[in-house]
Amino acid sequence: MGKAKSDKVKRGEGRAPLLRDVLRVPEGERVDLSTYDAGATPGGPHDKAAGLAATALMGERLGDLQERLWASSTGGDRRRVLLVLQGMDTSGKGGTVKHVIGLFNPSGCRIRAFKAPTREELNHPFLWRIAKALPEPGEIGIFDRSHYEDVLIARVRELVPRSQLGRRYGQINRFEQSLTEDGTTVLKCFLHISYEQQRRRLLQRLANPDKHWKFNPGDITERSLWPAYQESYELALERCTTPHAPWHVIPSNRKWYRNWAISTLLLEHLTSLDPQYPKADFDVEESRHQLLTEG
């Protein structure tokens, strides 16, 4: 290796960029989802078979890091991870929970799917129900939909006045900053699918009686609002990608790539946290001696 190339490697140049940098929404720039190819595979394996194999290989490393994160919390480490999944119907939020979070020990995960707010929840500020569902130290929390519903569907369906809606972006940013200051790594993923891909997935559900329970005729009506939802997502991505909690656009037409990408993002963030097993707060040798000499 030449000296110039060696110097670049030492400085971190010439290496493949982290996926979180590849998929991250640029701060302070206008977001136009039509410029994002939902069928692309940026930074990913070359085909489905390679993608499935690579995702499976990550399982052991993810499991080890999760265990270390949980163990470190028993020693007072307050860090935890919150994965936020947003996307249009059929984009794969539930599939991500099944195929990606399935790589973790479920006892260390806190999964919450947010539906329409209950009467009680409507009597509180919109972030109230979110705060109640946050992961505890050492846990990995997963939100299938989230507080962003209150600036997405609320905007499309005009559920709140625009003046109130505008304030919510700032409230969300301050809320997420407070989470990061308290030790939460916030990983936000927008699962980006195309209009035609959604049609194909809805038709697949209709073709399979075992999937009819997942189909809602109202989904067809919602498709007529696709442009409004895309605009609503663009605004949320623009206004709420911040240094402490950036958004990542995950091309999700290909399920294998979606699962690989989110697994990789989790691995990158957990690796950066580098949680450690706490040191024993007791005399290890004395305990060993007692066990070896007991009657």
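The values are calculated or read from the model by the stated rules, or taken from the named source; none is laboratory data. Model, not experiment: these values are computed from the prediction. For neighbour counting, all protein chains shown are included, and Cβ atoms are generated from backbone atoms with ideal geometry for every residue, glycine included. Remember, those area values only see protein heavy atoms, side chains included, never the ligands or the DNA or RNA. Shrake-Rupley method; radii C 1.70, N 1.55, O 1.52, S 1.80 Å.
Of all the options Ser232, Ser34, Ser146, the one that moves most in a Gaussian network model of the chain with Cα springs shorter than 10 angstrom is Ser34.
Ordering Leu85, Leu235 by accessible surface, largest first, gives Leu235, Leu85; the 1.4 Å probe counts only protein heavy atoms, with every chain in place.
What range in the chain is the longest one free of GluC sites (Glu not before Pro) that are in a loop by DSSP and have at most 12 other Cβ atoms within 10 angstrom?
Value returned for the longest uninterrupted segment is 159-293.
Ranking of Lys214, Lys279 by solvent-accessible surface, largest first: Lys279, Lys214 (1.4 Å probe, protein heavy atoms only, all chains present). Comparing Thr241, Phe282, Trp226 along the charge dipole axis of the chain, the residue lying farthest to the positive side is Trp226, per the Cβ-charge model. Between Tyr169 and Glu268, the C-beta separation translates, for a Förster distance of 41 Å, into a calculated FRET efficiency of about 0.95. Residues whose amide H lies under 5 Å from that of Arg110, counting only those 5 or more places away or on a different chain, are Ile140, Gly141, Ile142; hydrogens are built 1.01 Å from N in the peptide plane.
Converting phi to 3J(HN,Hα) with the Karplus coefficients 6.51, -1.76 and 1.60 and the offset θ = phi - 60°, the range 113-120 yields 9, 8, 9, 4, x, 6, 4, 4 Hz in sequence order, with x at every glycine or proline.
Net charge around Thr185, counting only other residues with Cβ within less than 10 Å of its Cβ (Lys, Arg = +1; Asp, Glu = -1)? Provide the component values of the computation, followed by the final result.
Numbers: positive: Arg79, Arg80; negative: none.
That works out to +2.
Between Asp21, Asp281, Asp182, the Gaussian network model of the chain with springs among Cα atoms under 10 angstrom shows the greatest mean-square fluctuation at Asp281.
Taking 16 Å as the straight-line reach from the Cα of Lys214, the aspartates and glutamates in range (excluding those fewer than 8 positions away in the same chain) are Asp89, Asp144, Glu222. Near Gly51, once Lys and Arg are set to +1 and Asp and Glu to -1 for all other residues with Cβ below 12 Å from its Cβ, the sum equals +3. Applying a length cut-off of 24 Å (Cα extent along the axis) and a mean Kyte-Doolittle floor of -0.5 to the DSSP H helices of the chain leaves 48-73, 255-273. Between Arg129, Arg223, Arg167, the Gaussian network model of the chain with springs among Cα atoms under 10 angstrom shows the greatest mean-square fluctuation at Arg167.
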